[in-house]
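K.L.:
Quick one: this structure, given as structure tokens, is what I'll be asking you about.
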Amino acid sequence: MGIELTPGPIAEIVMDVPPVNALTVRGWHDLARAVRQAGEDPATRVVVLRGEGRGFNAGVDIKEMQSDRGHAVLVGANRGCFAAFAAVYECEVPVIAAVHGHCLGGGVGLAGNADIVVAGDDAYFGLPEVDRGALGAATHLARLVPQHLMRAMVYTCRNVTAQELHAFGSVLRVTSKDKLREAAFEVAAQIAGKDPYVIRRAKESLNGIDPVDVRRSYRFEQGFTFELNLMGKGEEHRRRFG
């Protein structure tokens, strides 16, 4: 259990952290290292990122944060998320997120920064940050949904389904949960069959023309999470978390 990387032309990275794939500070940094390791391997042509268990990813481990009387875990989690999201975006080869069940908070950061999203028909996406006294990953949600819906989702903490994202074009395919890994590998195989040098340059060029600097944008958001904690709002809302 934890973060497992299986190398190969189609490298597979699996998050397996029961019960809901909420990652600790160490987990986020382990994930960042795995993605970077896969991308730096010249044998890798594409990466499939997925989760085991009940859902893809539930964001940060709130209980780890509750156990900390200071701010070390908060700072560590923010740095870990920043590192993992950046690793996905900057991975030298395309990253396919295979999403099932819940994709919340940090999960949206991962899926939003992926090159392609394939989802199970049970998948749903959302940012519960406002209800947790935090902010962040709207940068990545904005890559999945239109602007006004993104704002409504942040303010109300409502979720959207894989089917809705498929209609927007941000999810490439929706399939049954039991066929999700197969569907992701089918797409990956199409990419892996291309000239690997050309694909790596394609990834670099697409990042270069991106209208939003995702690193700077997300770091700006994180500053407001620090403000909310300084004002006591973060701790206030975390106490309510079961």
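K.L.:
Might you check whether a residue that is within 21 Å of L110 (Cβ to Cβ) and touching a Pro at 6+ places or on another chain (Cβ under 8 Å) occurs anywhere in segment 165-177?
P.N.:
Taking segment 165-177 first, the residues within 21 Å of L110 (Cβ to Cβ) are 165-166, 168-175, 177.
Retained after the next criterion (residues that are touching a Pro at 6+ places or on another chain (Cβ under 8 Å)): 168.
Yes, segment 165-177 contains a residue that is within 21 Å of L110 (Cβ to Cβ) and touching a Pro at 6+ places or on another chain (Cβ under 8 Å).
Table: residues versus (1) out of contact with any Cys (no Cβ under 7 Å at 6 or more places or on another chain); (2) among the basic types (K, R); (3) closer than 21 Å to A98 by Cα; (4) crowded, with 20+ Cβ neighbours inside 10 Å.
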| residue | (1), (2), (3), (4) |
| --- | --- |
| P18 | yes, no, yes, no |
| W28 | no, no, yes, yes |
| A34 | yes, no, yes, yes |
| P42 | yes, no, no, no |
| D68 | yes, no, no, no |
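K.L.:
Here is a further query. Could you please give the count of residues in segment 56-114 that are among the hydrophobic types (A, V, I, L, M, F, W, C) and closer than 17 Å to L228 by Cα? Steps first, please.
P.N.:
Taking segment 56-114 first, the residues among the hydrophobic types (A, V, I, L, M, F, W, C) are 56, 58, 60, 62, 65, 72-75, 77, 81-88, 91, 93, 95-99, 103-104, 108, 110-111, 114.
Checking which are closer than 17 Å to L228 by Cα leaves us with 60, 62, 65, 72-75, 77.
Number of matching residues: 8.
K.L.:
Name every residue in segment 112-138 that is over 17 Å from G80 (Cβ atoms) and among the aliphatic types (A, V, I, L, M), in order of residue number.
P.N.:
The initial filter retains those residues of segment 112-138 that are over 17 Å from G80 (Cβ atoms), namely 114-128, 130-131, 133, 138.
Answer for segment 112-138, where residues must be over 17 Å from G80 (Cβ atoms) and among the aliphatic types (A, V, I, L, M): A114, I116, V117, V118, A119, A123, L127, V130, A138.
K.L.:
Collect the residues in segment 214-242 that are surrounded by fewer than 16 Cβ atoms within 10 Å (Cβ to Cβ), among the aromatic types (F, W, Y) and part of a helix (DSSP H, G or I), keeping them in residue-number order.
P.N.:
F220, F224
K.L.:
Also: Would you check if there is a residue in segment 200-214 being of a type in the set (A, V, I, L, M, F, W, C), touching a residue at least 40 places away in the same chain (Cβ under 8 Å) and within 30 Å of G70 (Cα to Cα)?
P.N.:
Yes, segment 200-214 has at least one match.
K.L.:
Turning to a different aspect of this structure: Looking at Q222, Q190, which is the one that is out of contact with any Leu (no Cβ under 9 Å at 6 or more places or on another chain) and of a type in the set (S, T, N, Q)? Give the derivation first.
P.N.:
Details: Q222 fails: out of contact with any Leu (no Cβ under 9 Å at 6 or more places or on another chain).
Criteria check complete, one pass: Q190.
K.L.:
I've got another one for you. Filter segment 179-213 down to residues that are polar (S, T, N, Q) and under 18 Å from A86 (Cα atoms) and give me whichever is surrounded by the fewest Cβ atoms within 10 Å (Cβ to Cβ).
P.N.:
Step one: of segment 179-213, the residues polar (S, T, N, Q) are 190, 205, 207.
Among the residues that remain, those that are also under 18 Å from A86 (Cα atoms) are: 205, 207.
Details: S205: 9, N207: 14.
Checked segment 179-213; the qualifying residue surrounded by the fewest Cβ atoms within 10 Å (Cβ to Cβ) is S205.
K.L.:
Being modelled with pLDDT of 95 or more, closer than 19 Å to R219 by Cα and either crowded, with 23+ Cβ neighbours inside 10 Å or within 14 Å of the chain's Cα centre (by Cα) (or both) is true for just one of A22, A87, A38. Which residue is that?
P.N.:
On the way: A22 fails: closer than 19 Å to R219 by Cα; A38 fails: closer than 19 Å to R219 by Cα.
Within the list A22, A87, A38, the selection yields A87.
K.L.:
Which of the residues belonging to segment 168-199 are under 22 Å from H140 (Cα atoms) and either over 20 Å from the mean Cα position of the chain (by Cα) or among the aromatic types (F, W, Y) (or both)?
P.N.:
If the condition is that a residue be under 22 Å from H140 (Cα atoms) and either over 20 Å from the mean Cα position of the chain (by Cα) or among the aromatic types (F, W, Y) (or both), then F168 is the only one that fits.
K.L.:
Considering only residues that are within 21 Å of Y218 (Cβ to Cβ) and of a type in the set (D, E, K, R), which ones fall in segment 44-80?
P.N.:
D61, E64, R79, listed by residue number.
K.L.:
Which numbered condition trips up N57, out of (1) surrounded by fewer than 23 Cβ atoms within 10 Å (Cβ to Cβ); (2) touching a residue at least 40 places away in the same chain (Cβ under 8 Å); (3) touching a strand residue (DSSP E or B) at 6+ places or on another chain (Cβ under 7 Å)?
P.N.:
Going through (1) surrounded by fewer than 23 Cβ atoms within 10 Å (Cβ to Cβ); (2) touching a residue at least 40 places away in the same chain (Cβ under 8 Å); (3) touching a strand residue (DSSP E or B) at 6+ places or on another chain (Cβ under 7 Å) one by one, N57 breaks only (1).
K.L.:
Starting from segment 1-12, keep only residues that are in a strand (DSSP E or B), then list their pairs with residues that are among the hydroxyl-bearing types (S, T, Y) and modelled with pLDDT of 95 or more whose Cβ atoms are within a distance under 9 Å, requiring at least 6 positions of separation or different chains.
P.N.:
I10/T44; A11/T44; E12/T6
K.L.:
Name the residue that is farthest from the chain's Cα centre (by Cα), counting only residues in segment 64-80 that are part of a helix (DSSP H, G or I) and touching a residue at least 60 places away in the same chain (Cβ under 8 Å). Before the answer, list the steps.
P.N.:
Here is the first cut: in segment 64-80, the ones part of a helix (DSSP H, G or I) are 64-66, 72-80.
Subsequent filtering for residues that are touching a residue at least 60 places away in the same chain (Cβ under 8 Å) retains 65-66, 74, 78.
Numbers: M65: 19, Q66: 22, L74: 18, N78: 13 Å.
Top of the filtered list is Q66.
K.L.:
Name every residue in segment 130-155 that is free of Cβ contacts under 8 Å to residues at least 40 places away in the same chain and assigned to a helix (DSSP H, G or I), in order of residue number.
P.N.:
Hits for segment 130-155 are V130, L141, Q147, H148, L149, M150, R151, A152, M153, V154, Y155.
The values are calculated or read from the model by the stated rules, or taken from the named source; none is laboratory data. Only a predicted model underlies this, so the values are computations on that prediction, with no experimental measurement involved. FYI the Cβ positions are ideal-geometry reconstructions off the backbone, even for glycines, and counts take in every protein chain you see.
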